[in-house]
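The values are calculated or read from the model by the stated rules, or taken from the named source; none is laboratory data. These numbers were taken from a predicted model, which means no experiment stands behind them. So basically every Cβ, Gly included, is an ideal-geometry build from the backbone, and we count neighbours across all protein chains shown.
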């Protein structure tokens, strides 16, 4: 099976702009979660989607949003970018049900200038 | 609230020596436990997991970990380090239930010396 794919891999944006990141989960996986990784804060949970519904949300401002499509693909949007949003954004997929382990994609490296 | 503590942000071992990376969690309910590895400029790779059943779990690349409820620990070990094991390792927990929110430790950078 193909793994989790994320596009784009690298992105440079200017402060105040918005950005959309995409994630395609492993085939058959219905749960998609997003995480932010920074040197200062480490790995932090953003949100989880399951069957097109946001099931859980981390402690991030409303500028961070996401959605999931009927084919389980997910997008994450960040509006009004700030310098502190520079990070590696990781997407993870999970089958759902009684399976809890998550499989991560390679990430999107976002740099805000 | 649950949290994860990884003792030692940097660990160095010689090639062929024992690898021991420490992880303790705080949770009133035994969580599901995971170890992930991250190589430079890559995502996280699942090494092993504990959900239920046997407390000694074996993972990929010769790693294993033991869930000790009395010590609230889930330390990662490998009998003999290889140069290719050099990477950052993350311990993570998730509470049982429908949510899949991983809470990560701060990570341990493993260096393997020749």
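Kindly indicate whether residue B:87 is without any contact (Cβ under 8 Å) to a residue 24 or more places away in the chain, surrounded by 12 or more Cβ atoms within 10 Å (Cβ to Cβ) and in contact with a strand residue (DSSP E or B) (Cβ under 9 Å, 6 or more places away or on another chain).
no
Scan the strands (runs of 3 or more DSSP E) fully inside the stretch A:1-94 and keep the ones with 2 or more residues being under 14 Å from the mean Cα position of the chain (by Cα), closer than 18 Å to residue B:46 by Cα and within 13 Å of chain B (Cβ to nearest Cβ).
Result: A:5-7, A:31-38, A:42-50, A:87-94.
From the set of residues in the stretch B:22-39 that are loosely packed, with under 14 Cβ neighbours inside 10 Å and touching a residue at least 12 places away in the same chain (Cβ under 8 Å), which is nearest to residue A:33 (Cα to Cα)?
Filtering the stretch B:22-39 for residues that are loosely packed, with under 14 Cβ neighbours inside 10 Å and touching a residue at least 12 places away in the same chain (Cβ under 8 Å), the one nearest to residue A:33 (Cα to Cα) comes out as B:39.
Checking the condition in contact with a helix residue (DSSP H, G or I) (Cβ under 7 Å, 6 or more places away or on another chain) and surrounded by 19 or more Cβ atoms within 10 Å (Cβ to Cβ), which residue from B:4, B:19 passes?
It is B:19.
Among the residues of the stretch B:43-50, is any within 27 Å of residue A:91 (Cα to Cα), more than 14 Å from chain A (Cβ to nearest Cβ) and surrounded by 13 or more Cβ atoms within 10 Å (Cβ to Cβ)?
Looking through the stretch B:43-50, none of the residues is within 27 Å of residue A:91 (Cα to Cα), more than 14 Å from chain A (Cβ to nearest Cβ) and surrounded by 13 or more Cβ atoms within 10 Å (Cβ to Cβ).
Go through (1) without any contact (Cβ under 8 Å) to a residue 12 or more places away in the chain; (2) in contact with a helix residue (DSSP H, G or I) (Cβ under 9 Å, 6 or more places away or on another chain) and name the single condition residue A:99 misses.
Status for residue A:99: all satisfied but (2).
Within the stretch B:14-31, how many residues turn out to be modelled with pLDDT under 90 and part of a strand (DSSP E or B)?
Final tally of qualifying residues: 1.
Which one of B:93, B:57, B:11, B:37 is part of a strand (DSSP E or B), touching a strand residue (DSSP E or B) at 6+ places or on another chain (Cβ under 9 Å) and more than 30 Å from residue A:5 (Cα to Cα)?
None of the others qualify; the one that does is B:11.
Within the stretch A:97-109, can one find any residue that is modelled with pLDDT under 95, farther than 15 Å from residue B:43 by Cβ, within 12 Å of chain B (Cβ to nearest Cβ) and crowded, with 16+ Cβ neighbours inside 10 Å?
Yes, because at least one residue in the stretch A:97-109 is modelled with pLDDT under 95, farther than 15 Å from residue B:43 by Cβ, within 12 Å of chain B (Cβ to nearest Cβ) and crowded, with 16+ Cβ neighbours inside 10 Å.
Conditions: (1) within 12 Å of another protein chain (Cβ to nearest Cβ); (2) under 11 Å from the mean Cα position of the chain (by Cα). Residue B:63 meets all but one. Number of the miss?
(1)
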